[in-house]
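Asks: Quick one: the structure is below, and I'll ask about it shortly.
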Amino acid sequence: MKKMFFVVLSFLFFALGCSSAKQSNTVTVWHWMTDRQDAFVKLAQQYKKQTGIDVVFELYAPSDIYSRKIIAAAQARVLPEIFGVLGEKKKLVSFIESGFIADLTQEFQKDDAAWEKSLFEKALDVNRFEVDNIYKIKPGLYGVPIDVTNIQMLYNQDLLAKAGIKVFPTTFDEFLNAIAALNRVGISGFVSGWGEIWMIDCFASNYAFNVMGEDKVMATYRGEVPYTDEDWIKVFNVFKTLRDKKVLIEGIVTKGNKYAEQDFALERAAFAFNGSWCVNVYDKMNSALRYGVMLPPRINPERPMLIWGGAGSSFVVNDISRNKKLAVDFLKWLTAKEQQVFLAQETKNLPANKEALPLIPKVLADFASAMDLTTHPSIWKYNEDPLVVEAFDKGIQAILIGEAEPAKIAAEVQKVKQQEMERQKKR
Amino acid sequence: MTANTRKISFEGLRELLGGYFFILPAVLIFSVFYIYPFVQTFILSLREWNGISLNSQFIGFDNFQEILQDGVWWLSMWHAAYITLIALTFQNALAFALALSCDRDIRLRKFYRVVFYLPPVLSEVVVGLIWQWILYAGMQNGEHVGLLNYFLTKIHMNHLVHAWLSDPKTALTCIAIVHSWKGFGWGFIILLAGLQTIDRQLYEAARVDGAGSFSIFKNVTIPMMIPVFVMVMILTILGSMQVFVLVLSMVGQGLVYHTEVPVTRILASMTGTSRFGYACALGIVFGLILMVFSFTLNKISRKFKQE
């Protein structure tokens with residue numbers, strides 16, 4: 001009898017273990033945004049009250065840890081209902097090709113495209129694939145921007161005033177004069193988190209667009225213009241000038257952005273290069289900080305200074321999730337005006353919903369005013385090979401620490417470019 | 001007769017199967033968590049794969065060929081060797097000196113043991129961040145913010161003030177020193193345990209024979225400690241060659257290639273340039289190099305033991 005009881009019990013455990021899990025009403029979201037976790041949790045509670053659906057926000061930070069986590073989860077096919085893909089567009093492409101990301105075009109176009117029209121076009125572009133895109137992805141919209149962002153320069157009004165500077169610089173020469181004035185009164189000039197090399201890449205690409213324009217930059221990525229071209233040398237020379245004119249704060253090449261943000265917030269440097277997310281960070285570090293937003297000073301007055309921006313953070317829906325519909329409904333709710341205003345006020349990020357703009361703080365509005373000048377690798381037709389990008393960014397670091405000169409770095413980057421082009425041809 | 005034979009063979013079979021049954025969990029766990037990942041890593045090292053796509057391309061031993069010509073990889077190996085060298089000398093010398101001190105009847109012996117064992121218990125990220133602040137190079141209101149530079153200016157040694165982590169001449173050495181500071185506690189504990197296993201009668205006998213302190217140290221302590229030294233050396237080499245969290249927390253994504261170590265290189269190949277196949281090949285080469293080191297040291301240790 002006892003034996004029989006154990007056999008039946010074991011069978012029950014086995015059967016329960018093998019039966020398919022009942023579809024739950026929970027939407028799980030994986031993200032990396034430490035500054036937004038509290039606001040997300042509040043919104044999830046509100047959503048639960050309104051709809052009865054549980055939304056769980058799981059935070060994995062910093063962003064590189066998060067990136068590794070979603071790659072591992074994709075390999076094990078255990079991605080949550082909603083997640084975000086960080087990094088260049090090629091990564092998003094890999095997830096789409098592998099069937100992990102749902103095409104949301106039909107959802108965006110429902111009700112005369114009401115959802116699509118409510119959001120910034122530049123933000124949507126990051127997740128959009130046009131007809132005949134180079135990645136050969138089925139045209140459509142594959143992600144939902146929850147905020148927009150752009151990366152510009154900031155100036156400390158009080159430190160500039162101490163150095164007798166009344167107007168912030170708009171040209172590169174004016175910028176260098178301002179730095180000289182600041183140095184004379186013992187104030188460091190410029191700080192940025194260039195220990196995270198994508199920020200060097202971002203700054204360099206701003207100047208590449210300003211010096212030679214988008215067509216020539218793309219031609220370089222296609223391999224039609226060498227990095228030894230005089231315009232690229234000019235771009236490398238920007239960093240040499242920053243080095244020679246003592247523009248940069250000590251230790252900038254290994255400084256993480258958190259430390260750079262701390263330096264600017266604690267008034268250790270007069271200028272910073274940072275994204276619109278900094279408004280929230282600076283507010284927490286030093287709420288008395290008086291600062292303004294400016295575009296990086298131009299070298300070439302003939303061309304605009306394009307800056308990186310667009311969708312700040314985007315979420316995608318897992319195409320193989322059983323709760324796909326619930327996930328889409330939640331994202332529609334999250335990007336509606338009320339929730340976007342709440343997010344902007346709580347986290348001081350630029351909202352993705354245009355209708356929320358009139359209600360945001362002034363500094364954010366200044367950031368938002370440059371949205372028309374934004375560009376981003378995710379929307380470029382061509383992206384540079386990651387190995388070339390690494391050589392480019394490390395080369396700039398070498399210039400910054402005085403180890404190499406622009407011409408040498410240009411030649412080295414071009415060498416890597418040629419090697420990679422040959423490797424691609426072979427395969 | 002037939003029935004008897006049948007009975008024996010059944011019992012023999014049961015015994016045999018019983019044996020296999022008992023080792024089955026261990027074999028399964030070993031296969032799933034050790035053999036399968038290793039085989040899979042090797043298979044991936046023969047392919048070009050971005051880590052996400054379901055498709056990958058077989059490229060034979062191309063990744064391994066590329067490693068031979070990858071200057072940055074071999075530079076990172078040299079950096080790891082440099083850190084290891086400093087750990088083997090500075091870290092272990094400090095650990096041994098402190099272990100010798102704590103092996104004697106001194107006051108607050110237990111307190112020192114706890115204090116010396118604190119750094120290894122701390123997270124590498126925390127240690128990295130603390131030291132980043134100590135070595136910070138910036139200034140505010142004319143004063144250095146970093147503790148080391150501040151201290152140097154206060155003792156009028158301004159000529160030594162330095163951007164420690166962003167100068168190629170000092171960055172790697174700073175990392176190596178911090179690594180040694182964090183790691184000496186392990187060596188201290190193992191060496192202290194080794195010292196305490198030496199039979200006290202040996203010391204007494206040596207003293208009766210008229211041996212001085214240095215002679216006892218040279219002829220008793222050192223020979224008895226050789227197996228422990230070898231073990232500490234193996235652990236130091238394996239630990240130091242694989243250092244990377246400290247590097248990431250102290251210098252972020254690196255100072256050009258001056259602070260690159262093998263694991264950061266493998267990480268860069270995986271997440272930076274999305275070359276999982278190449279990263280797997282790097283992992284295999286690195287693993288083999290470490291295995292060769294361990295086997296060689298183990299052999300040397302056995303030879304010493306025999307002598």
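Just so it is clear, none of the values below were taken in a lab; they were calculated from the coordinates. In this text the structure is predicted, and so the values were computed from the model without any measurement. Every residue, glycine as well, gets a Cβ built from its backbone with ideal geometry; the counts of neighbours run over all protein chains shown.
Asks: Can you tell me the 0 to 90 degree angle between the C-alpha axis of helix A:2-18 and the longest principal axis of chain A, rounded to 10?
Replies: Taking the Cα atoms of chain A, the angle to A:2-18 is about 40 degrees.
Asks: Same structure, new question: Given Cβ point charges of +1 (Lys, Arg) and -1 (Asp, Glu) and nothing else, what value in debye, to the nearest 20, does the dipole of chain A about its Cα centre take? Before the final figure, lay out each step's value.
Replies: Values: 53 positive and 52 negative charges, 255 e Å.
The calculation lands at about 1220 debye.
Asks: How far is the Cα center of the stretch A:176-191 from the Cα center of the stretch B:136-163, in Å?
Replies: What the calculation gives is 19 Å, centre to centre.
Asks: Quick check on the protein assembly as shown: what are the equivalent-ellipsoid semi-axes from the Cα gyration tensor, as sqrt(5λ), descending, whole Å? Let's see the in-between values first.
Replies: Details: eigenvalues 468, 320, 140 Å².
Equivalent ellipsoid semi-axes, largest first: 48, 40, 26 Å.
Asks: Specify the residue with the greatest mean-square fluctuation among B:E66, B:E143, B:E11, computed from a Gaussian network of chain B linking alpha-carbon atoms under 10 Å apart.
Replies: Highest fluctuation of the listed residues: B:E11.
Asks: Let me ask something else. For Cα pairs less than 8 Å apart in space and 6+ apart in sequence, what is the mean separation divided by the residue count of chain B, i.e. the relative contact order in percent? Don't skip to the answer; put the middle values down first.
Replies: Details: 313 pairs, mean separation 89.2, N = 307.
In percent, rounded to a whole number, it is 29.
Asks: What order, most packed first, do the peptides A:411-422, B:277-288 have when packing is the mean number of other Cβ atoms within 10 Å of each residue? Intermediate values should be presented prior to the final figure.
Replies: On the way: A:411-422: 16.8, B:277-288: 21.2.
Ranking, from highest mean packing down: B:277-288, A:411-422.
Asks: Quick one: putting +1 on the C-beta of Lys and Arg, -1 on the C-beta of Asp and Glu, what dipole do you get for chain B around its Cα centre, in Debye to the nearest 20?
Replies: On the way: 21 positive and 16 negative charges, 160 e Å.
Result for chain B is approximately 760 debye, rounded to the nearest 20.
Asks: Given R₀ = 35 Å, what would the calculated FRET efficiency be for B:T153 paired with A:A411, taking r from the Cβ atoms and rounding to 0.05? Please list the in-between numbers first.
Replies: On the way: r = 41 Å, r/R0 = 1.17.
That gives a FRET efficiency of 0.30.
Asks: Using the Cα centre of the protein assembly as shown as origin and beta-carbon charges of +1 (Lys, Arg) and -1 (Asp, Glu), tell me which of B:A205, B:A93, B:L68 is placed farthest towards the positive end of the dipole.
Replies: Value computed over the given set: B:A205.
Asks: Averaged over its residues, how many other protein chain Cβ atoms are within 10 Å of peptide B:247-259's Cβ atoms? Each step should come with its number before you reach the end.
Replies: Details: counts 0, 3, 1, 3, 6, 11, 14, 6, 10, 12, 4, 5, 1.
Mean shielding by partner chains, rounded to a whole number: 6.
Asks: Under 28 Å between C-alpha atoms is the cut-off here; go through chain B and count lysine pairs that meet it, provided they're at least eight residues apart or on different chains. Before the final figure, lay out each step's value.
Replies: Details: B:K110/B:K182; B:K110/B:K218; B:K154/B:K169; B:K154/B:K182; B:K169/B:K182; B:K218/B:K299; B:K218/B:K303; B:K218/B:K305.
Going through chain B pair by pair, I get 8.
Asks: Tell me, what is a quarter of the convex hull surface for the C-alpha atoms of the stretch B:69-306, in nm² with one decimal?
Replies: Working: hull surface 68.1 nm².
Quarter of the Cα hull surface area: 17.0 nm².
Asks: Step by step: find N for the stretch B:28-91, compute 2.2 N^0.38 Å, then divide the Cα radius of gyration by it. What's the final number?
Replies: Numbers: Rg = 16.8 Å, N = 64, 2.2 N^0.38 = 10.7 Å.
In units of the 2.2 N^0.38 Å rule of thumb, it is 1.57.
Asks: Let me ask something additional. Using the Cα atoms of the stretch A:316-427 to build a convex hull, what is its mean projected area in square nanometres? Each step should come with its number before you reach the end.
Replies: On the way: hull surface 48.5 nm².
Mean shadow area of the hull around the Cα atoms is 12.1 nm².
Asks: Separate question: Using 7 Å Cα-to-Cβ label points, what is the A:D158/A:E58 separation (nm, one decimal)?
Replies: 4.4 nm
Asks: Given the convex hull of the Cα atoms of the stretch A:233-324, what is a quarter of its surface area in nm²? Can you show the working numbers first?
Replies: Values: hull surface 40.3 nm².
Orientation-averaged projected area of the Cα hull: 10.1 nm².
Asks: Rounded to whole Hz and in sequence order, give me ³J(HN,Hα) for the stretch A:150-158 from the Karplus expression 6.51 cos²θ - 1.76 cosθ + 1.60, θ = phi - 60°, writing x for Gly and Pro.
Replies: These are the phi-based 3J(HN,Hα) values: 8, 10, 9, 9, 10, 10, 8, 4, 5 Hz.
Asks: A further question follows. Going from the alpha-carbon gyration tensor of chain A, what semi-axes, largest first and in whole Å, does one get by taking the root of 5 times each eigenvalue?
Replies: Each semi-axis is the square root of five times an eigenvalue, giving 42, 27, 21 Å.
Asks: Pick out which of A:A391, A:A311, A:A269 has the largest mean-square fluctuation in a Gaussian network model of chain A, springs linking Cα atoms closer than 10 Å.
Replies: Sorting by GNM fluctuation, first place goes to A:A391.
Asks: Can I ask one more? Using only Cα atoms and rounding to the nearest 10 degrees, what angle (0 to 90) does helix A:337-347 make with the longest principal axis of chain A?
Replies: 60 degrees
Asks: Filter the cross-link list A:K216/A:K417; A:K136/A:K325; A:K90/A:K138; A:K394/A:K415; A:K117/A:K332; A:K166/A:K348 down to pairs whose alpha-carbon distance in this structure exceeds 19 Å.
Replies: Numbers: A:K216/A:K417 16 Å; A:K136/A:K325 26 Å; A:K90/A:K138 14 Å; A:K394/A:K415 14 Å; A:K117/A:K332 12 Å; A:K166/A:K348 27 Å.
The answer is A:K136/A:K325; A:K166/A:K348.
Asks: To test your reading of the geometry: what angle, between 0 and 90 degrees and rounded to tens, separates the Cα axis of helix A:230-244 from the longest principal axis of chain A?
Replies: Taking the Cα atoms of chain A, the angle to A:230-244 is about 80 degrees.
Asks: Please tell me the relative contact order of the stretch B:77-207 in percent, rounded to the nearest whole number, where contacts are Cα pairs under 8 Å and at least six residues apart. Write out the running numbers ahead of the final one.
Replies: Details: 119 pairs, mean separation 52.8, N = 131.
This gives 40 percent for the stretch B:77-207.
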